[in-house]
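The values are calculated or read from the model by the stated rules, or taken from the named source; none is laboratory data. Quick caveat: nothing in here was measured; it's all calculated off a predicted structure. FYI the Cβ positions are ideal-geometry reconstructions off the backbone, even for glycines, and counts take in every protein chain you see. Note: accessible area is taken over every heavy atom of the protein model, side chains too, but ligands, DNA and RNA are not part of it. Shrake-Rupley method; radii C 1.70, N 1.55, O 1.52, S 1.80 Å.
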Amino acid sequence: MHWSFAFVITNVLLGVGLAMDAFSVSLANGLHEPCMKRKKIFLIAFVFALFQAVMPLVGWFCVHTIAEKFEMFRPFIPWIALLLLLYIGISMIREGMCKDDEECSCSDSLGFTTLIVQGIATSIDALSVGFTIAEHTLVMALVAAGIIAVVTFGICMVGLAIGKKAGTKLSGKAGLLGGIILILIGLEIFITSWL
């Protein structure tokens, strides 16, 4: 592949496709924490964008170094994503069932560890993108990863904004809805990987 307008468009579309899980999780996070501060919104979008950029690069690196070992790891990717999202989703549902709805609706329960786990869970399938960009030079792979990161950041910001707005209206039930969304995303990643 060479530098061209098609290169940019292809990677923008790739970014949109990869960011859909991150968008859904951002939506769930906004629902779960409608009083989220602007700094945290940017942090969440940044972390998701970072993972969406790093994972294809890790895949690219594996193709160029340890391709056989990466192929052995590939069947476990949907399982890992499913387990991580089930864990986070169930935790959110449990928190959403607390008695004081007012306290629940503005809780600051999305910690950094949970955010990292979400970032891994929503981007782990992007490891296989390393195969699609395998013919790129390192510089082209870095640019592709940058485009994917920018697209993911924007999409996650939209998801968080929508989730916050809806979460404010849904009050304490938002945590339940957010948890269910995360569980459904995990199931979707798992099921579609076998189709």
Return one number: the angle in degrees, 0 to 90 and rounded to the nearest 10, between the long axis of the Cα atoms of helix 5-32 and the longest principal axis of the Cα atoms of the chain.
20
Quotient of Cα Rg and 2.2 N^0.38 Å for region 1-78, N being how many residues it contains:
1.39
Cα-based Lys proximity count in the chain, under 29 Å, for pairs eight or more positions apart or on separate chains
21
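Would you kindly state how much longer the chain becomes between Leu184 and Leu50 on full extension, computed as 0.36 nm times their sequence separation minus their alpha carbon distance, in nm to one decimal?
The span from Leu184 to Leu50 would gain 45.9 nm if fully extended.
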Using only Cα atoms and rounding to the nearest 10 degrees, what angle (0 to 90) does helix 77-96 make with the longest principal axis of the chain?
10
Output the 0 to 90 degree angle, nearest 10, between the alpha-carbon long axis of helix 112-123 and the longest principal axis computed from the alpha carbons of the chain.
50
With R₀ set to 30 angstrom, the calculated FRET efficiency between the beta-carbons of Leu83 and Phe42, to the nearest 0.05, is 0.60
How much accessible surface does Met55 have with a 1.4 Å probe, in Å² rounded to 10?
20
For Leu195 and Ile162, compute 0.36 nm times the residue count separating them, minus their Cα-Cα distance, and round to one decimal in nm.
8.8 nm
Once all protein chains are kept in place, Leu85 shows an accessible area at probe 1.4 Å, nearest 10 Å², of 0
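Between Val8 and Arg94, what's the calculated FRET efficiency when r is the beta-carbon distance and R0 is 30 Å? Round to 0.05. Intermediate values should be presented prior to the final figure.
Numbers: r = 43 Å, r/R0 = 1.45.
Taking R0 as 30 Å, the efficiency between Val8 and Arg94 is 0.10.
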Rg and Dmax of the chain over Cα atoms: what are they, in angstrom?
17.2, 58
